[in-house]
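The values are calculated or read from the model by the stated rules, or taken from the named source; none is laboratory data. Everything numeric in this text was worked out from a predicted model, so none of it was measured. Here the Cβ positions follow ideal geometry from the backbone for every residue, glycine too, while neighbour counts run over all protein chains shown. Note: accessible area is taken over every heavy atom of the protein model, side chains too, but ligands, DNA and RNA are not part of it. Shrake-Rupley method; radii C 1.70, N 1.55, O 1.52, S 1.80 Å.
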Amino acid sequence: MQKRISWLLGTTLPLALLLYWLIGSHPTIRIEDARLAAPLIEVRSEASGTLASLKKEEGSWVEKGEVLFSLSTAEEEKSLAELQSKIHFLHQKLSNHLTEAEAAMQEYLNARSDEASGLQDYSDQPLARLGTQQGLAEECRNEISFTEQKIEIAKSAMEKKNFAAPTSGYLLERKKDDGEQVLLNDPVCLLCNAKELWIEATLPESSASKIRLGQKAIAMLPSDASLKWEGEISWISPIALPNHKGIPVRISLKEGYPDCLKPNLQVQLKLKVP
């Protein structure tokens with residue numbers, strides 16, 4: 001009997017010591033109510049005007065740099081049409097002056113030919129007309145150049161009424177409807193990049209001396225404890241919450257976390273204490 005007791009003690013004592021070492025020397029901090037979070041970007045207008053169109057529906061994915069919304073360009077389009085009409089008129093006017101200058105030049109050459117033949121000299125009149133038409137043609141060219149610059153300015157103003165997405169993400173919420181007036185810096189829509197997740201958690205004050213940046217964490221869904229993934233503490237709030245509510249921390253996730261994760265889902269955390 002004594003041998004059996006000794007055998008049991010010899011077998012169970014090392015197991016007990018091993019269990020104590022695993023649990024006692026490597027305690028863990030458990031958090032039952034952490035939350036998944038993702039970047040929320042409020043996109044604001046950089047100009048005033050009428051919202052012509054928000055290109056995407058709520059829930060649609062938007063790529064960074066893609067045109068997200070546009071303001072009305074009715075005034076710019078009207079100005080552009082007037083300028084293009086003016087350009088057409090100026091080109092016709094320039095063509096007429098060049099035709100008149102060419103005719104005056106031919107008349108001048110004919111007059112000089114008559115003078116060489118001993119006929120009366122009438123070359124001064126076509127020469128004066130030639131100078132006048134050349135001057136008017138140059139004025140047309142200058143006005144065409146100035147008008148073309150104004151056309152480019154109008155086109156640039158129209159382009160500036162298109163606003164690109166500052167980041168990739170889902171269009172979570174429309175803040176303005178098509179046809180609605182938008183002022184400078186007014187919020188137009190809300191984007192959420194659900195592909196860049198992290199965990200927001202609040203640790204108890206008793207954990208203050210036990211946490212550090214880079215500390216490993218295991219996360220799981222309460223609804224499916226078999227679904228686990230890894231992360232680490234990437235931010236610790238420099239200020240604890242009032243009324244002993246704890247210390248906010250952020251857990252960054254390693255690549256390869258489950259695709260089913262969504263912002264605001266509840267998760268459970270297990271932090272390894274060194």
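Of the residues that make up the range 224-232, is at least one part of a loop (DSSP other than H, G, I, E, B) and either at pLDDT below 95 or within 33 Å of the chain's Cα centre (by Cα) (or both)? Write out each step before concluding.
So in the range 224-232, the residues part of a loop (DSSP other than H, G, I, E, B) come out as none.
No, the conditions are met nowhere in the range 224-232.
Might you check whether a residue that is in a loop (DSSP other than H, G, I, E, B), open to solvent by less than 30 Å² (accessible area, probe 1.4 Å) and touching an Asp or Glu at 6+ places or on another chain (Cβ under 8 Å) occurs anywhere in the range 41-52? Let's see the steps before the verdict.
Going through the range 41-52, the residues in a loop (DSSP other than H, G, I, E, B) turn out to be 45-48.
Next cut, open to solvent by less than 30 Å² (accessible area, probe 1.4 Å) only: 45, 47.
Now narrow it down to the ones that are touching an Asp or Glu at 6+ places or on another chain (Cβ under 8 Å): 45.
Yes: the range 41-52 contains one or more residues that are in a loop (DSSP other than H, G, I, E, B), open to solvent by less than 30 Å² (accessible area, probe 1.4 Å) and touching an Asp or Glu at 6+ places or on another chain (Cβ under 8 Å).
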Could you list, in sequence order, the residues of the range 245-274 that are over 13 Å from GLU200 (Cα atoms) and touching an Asp or Glu at 6+ places or on another chain (Cβ under 6 Å)? LYS254
Mind checking whether some residue in the range 167-189 is on the phi > 0 side of the Ramachandran plot and either assigned to a loop (DSSP other than H, G, I, E, B) or of a type in the set (Val, Ile, Thr) (or both)? yes
Could you list, in sequence order, all residues of the range 152-192 that are of a type in the set (Val, Ile, Thr) and open to solvent by 40 Å² or more (accessible area, probe 1.4 Å)? ILE153
Every residue from the range 193-228 that is open to solvent by 80 Å² or more (accessible area, probe 1.4 Å) and polar (S, T, N, Q): SER206, SER209, SER223, SER226
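Yes or no, residue by residue, for (1) open to solvent by 60 Å² or more (accessible area, probe 1.4 Å); (2) part of a strand (DSSP E or B):
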| site | (1), (2) |
| --- | --- |
| PRO238 | yes, no |
| ILE247 | no, yes |
| ARG250 | yes, yes |
| LEU261 | no, no |
| ASN264 | yes, no |
| VAL267 | no, yes |
| LYS270 | no, yes |
Out of the residues in the range 110-135 meeting the condition of being in a loop (DSSP other than H, G, I, E, B) and either of a type in the set (Asp, Glu) or open to solvent by less than 80 Å² (accessible area, probe 1.4 Å) (or both), tell me which one is modelled with the highest pLDDT. SER123
Selected residue (criterion: farthest from LYS78 (Cα to Cα)) from residues of the range 139-151 that are out of contact with any helix residue (DSSP H, G or I) (no Cβ under 9 Å at 6 or more places or on another chain) and either touching a residue at least 40 places away in the same chain (Cβ under 8 Å) or open to solvent by 70 Å² or more (accessible area, probe 1.4 Å) (or both): ASN142
